[in-house]
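See structure below.
Read-outs throughout are calculated quantities, based only on the coordinates presented, and are distinct from any laboratory measurement. Quick caveat: nothing in here was measured; it's all calculated off a predicted structure. So basically every Cβ, Gly included, is an ideal-geometry build from the backbone, and we count neighbours across all protein chains shown.
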Amino acid sequence: MIEMQGVTKKYPNGVTALSGIDVTIKQGEFVYIVGPSGAGKSTFIKLIYREEKPTDGQVVVGGINTANLKQRSVPTLRRQVGVVFQDFKLLPLLNVYENVAFALEVIEEEPKVIRKRVMEVLDLVGLKHKARMLPTELSGGEQQRVAIARSIVNNPKVVIADEPTGNLDPDTSWDIMSLFETINERGTTIVMATHNKEIVNTIRRRVIAIENGRIARDEQRGDYGYEA
Amino acid sequence: MAMKPRTFRRHFRESFKNMRRNGWMTFAAVSAVTVTLLLTGVFLVIMLNLNKIGTDIENDVEVRVHVKLTASESDRERLKKQIESLPEIESISFSSKEEELQNLIKDMGSDFSLFEQNNPLYDVFIVKTARPQDTPEVARKIEQIEYTEKAVYGEEKVENLFNFMKTARNVGIVLVAGLLFTAMFLISNTIKITIFARRKEIEIMKLVGATNGFIRWPFLLEGLWIGMLGSIVPIAAIAAGYYYTEQAIAARLSSHFIEFIGFLPLVLPVTVLLLVIAVFIGIWGSFISVRRFMNV
């Protein structure tokens, strides 16, 4: 599903964020990306949805090589990859339903399909009854659920999450995590960068630790390994 | 890639929705178009009229070829043939010295009828060139021909006029170009601010896999509407203004053989031109502004 070979990323300002990364993530896996701040987690994540291009090496996502992907083909990749962020990135003027439907509208889906799919995912994240509310009228956890609903509404093969619980209190974080587990059980690959030791050590999954731009550890059912 | 009609309707709706949501920004952009187009339009009208008057005067320029007194009738015919063989010539007509004297008497008064006894004038060929600018050159060539006494065209006045018109046209083109450039700059900046306010929206669209074209369309349509809205006031003002100015001034100037361009022949092309410019700078302004936020 996701394959990186000899990936190096240098930023124009001279910082080398990643060097010599080799990793394979299979379809249906649930992977935590852990490591100290500034170690390269975000860059790793950004390479997958082609926010950044590798300076060297190959990044192949769902059969698409992002390194030599033309600018105009980036949307094709993004439609296979759902993204969830710490700060939710919802549009404040659109209600919950419209925010989720947005992801299908921009890919020119049929209106009938949009209605059906949006209600399905809102049901899945438990917000069907709040479809007409604005993001500002929701709690942080609910907003993140909307963002997750948007990320999976077009059935992507993989969902990338960058610190999805970073802004949430512990209880809410557990709810969000069980939502990710549900999505993973349905066959979607999950790649999640996180600092949440509790979560990583409790919901045991594959852990890839990145330190100083290199993979320091890659364990099935690993633990967080750092003092929080 | 063909766009689905449904998608196009969506872009259409979005463009109007965005203009309403960003009401003040829309107003600012429309005002920018209005002010610059009004300036450009007024200037254009003045330039077109000056050009028309200048061209009229230029077209009146002619070479008067004085035929030597010693020339016989057949010499004169030969001279005429030779002048006609010059490529720059548009027309040539003959005016005998008797006709010349009658014209003089008509223009200057009967005092000149004294000369009827002993006519001091020459037979004259009146030569017009196809392009007024060729006049000096043609006059010089004709002077070389046998039986030409002199070829006159009011040398200094004509050359001054030509030089003046050339400078005036160049200055006019530079000024119009400058105005248009300022207009584009102003409008693209205003649109940039409205788009900047929506960069988050663009970012999210890109993240969920919208193509650049899909993102761009509503903005381009918005630019189109802004351009069209902005052109209403300048076009109306120029049409009304010209209607009254032309009537008021034309009457006074017609005795000086100066004619303005008629109302419709001026206002129609200017309207079309202003509309095209407005639409173009609206779309272009949107285009370059949205491009800056596209590479998320």
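Applied to segment B:283-291, the Karplus parametrisation 6.51 cos²θ - 1.76 cosθ + 1.60 on θ = phi - 60° returns per-residue 3J(HN,Hα) values of 5, 5, x, 5, 4, 6, 6, 5, 4 Hz, with x for Gly and Pro. To the nearest 500 deg cm²/dmol, what mean residue ellipticity at 222 nm is calculated for chain A from DSSP H runs of n ≥ 4 alone, each contributing -39,500 (n - 2.57), summed and divided by the residues? Per the formula, -9500 deg cm²/dmol. For chain B, the longest principal axis of the Cα atoms and the long axis of helix B:135-144 meet at an angle of about 30 degrees. On full extension, the segment bounded by B:Trp24 and B:Val276 gains 88.3 nm, given 0.36 nm per residue less the C-alpha separation. Scaled against the 2.2 N^0.38 Å expected of a compact globular protein of N residues, the Cα radius of gyration of segment A:1-134 reads 1.24. Once the Kirkwood radius over Cα pairs is known for the protein assembly as shown, the Stokes-Einstein relation at 20 °C and 1.002 mPa s delivers a diffusion coefficient of 72 µm²/s. The fewest-to-most ranking of B:Leu39, A:Leu122 by surrounding Cβ atoms within 10 Å reads B:Leu39, A:Leu122. Shown for A:Leu69, B:Leu38: other C-beta atoms within 10 Å of each C-beta, ranked fewest to most, produce the order A:Leu69, B:Leu38. Restricting the calculation to Cα atoms, segment B:132-177 yields a radius of gyration followed by a Dmax of 14.9, 50 Å. Under the convention that each Lys and Arg Cβ holds +1 and each Asp and Glu Cβ holds -1, the size of the dipole of chain B around its Cα centre is about 3580 debye.
Extension gain for B:Asp75 to B:Val42 (0.36 nm times residue separation, less C-alpha to C-alpha distance): 6.4 nm. Residues B:His11, A:His129, ranked from the fewest to the most other C-beta atoms within 10 Å, line up as A:His129, B:His11.
Per-residue 3J(HN,Hα) values for segment A:163-173, derived from phi via the Karplus relation 6.51 cos²θ - 1.76 cosθ + 1.60 with θ = phi - 60°, read 6, x, 9, x, 9, 10, 6, x, 4, 4, 4 Hz in sequence order (x marks Gly and Pro).
Against the main long axis of the alpha-carbon atoms of chain B, helix B:97-108 sits at an angle near 60°. Pairs exceeding a 24 Å alpha-carbon distance, out of A:Lys197/B:Lys206; A:Lys26/B:Lys200; A:Lys70/A:Lys157; B:Lys68/B:Lys166; B:Lys52/B:Lys128; A:Lys46/B:Lys200: A:Lys197/B:Lys206; A:Lys26/B:Lys200; B:Lys68/B:Lys166. Helical runs assigned H by DSSP (4 residues or longer) give chain B a calculated mean residue ellipticity at 222 nm of -25000 deg cm²/dmol, each run adding -39500 (n - 2.57) before division by the residue total. Taking amide H as placed 1.01 Å from N in the peptide plane, A:Ala216 has its amide H under 5 Å from the amide H of A:Ala209, A:Ile210, A:Glu211, each at least 5 places away in sequence or on another chain. Projecting the Cα atoms of B:Gln117, B:His66, B:Leu104 onto the dipole axis of segment B:62-152, where Lys and Arg carry +1 and Asp and Glu carry -1 at the beta carbon, places B:His66 farthest toward the positive end.
Given a Förster radius of 51 Å and the C-beta distance between A:Asn155 and B:Ala236 as r, what FRET efficiency does 1/(1 + (r/R0)^6) yield to the nearest 0.05? Taking R0 as 51 Å, the efficiency between A:Asn155 and B:Ala236 is 0.40. For segment A:84-228, the spherically averaged projection of the C-alpha convex hull amounts to 9.3 nm². The residues packed around B:Lys200, meaning those with a beta-carbon under 12 Å from its beta-carbon, carry a net charge of +1 if Lys and Arg are +1 and Asp and Glu are -1.
Listed values for segment A:131-138 are Karplus-derived 3J(HN,Hα) couplings in whole Hz (6.51 cos²θ - 1.76 cosθ + 1.60, θ = phi - 60°), namely 4, 8, 8, 8, x, 5, 8, 10, and x replaces Gly and Pro. Shown is the FRET efficiency for B:Val174 and A:Leu94, computed with R0 = 45 Å from the Cβ-Cβ distance and rounded to the nearest 0.05: 0.40. Computed from Cα atoms, the angle from the helix B:212-253 axis to the main principal axis of chain B rounds to 30 degrees.
Taking label positions 7 Å along the Cα-Cβ direction at both B:Lys4 and B:Asn189, the computed distance is 4.1 nm, reported to one decimal.
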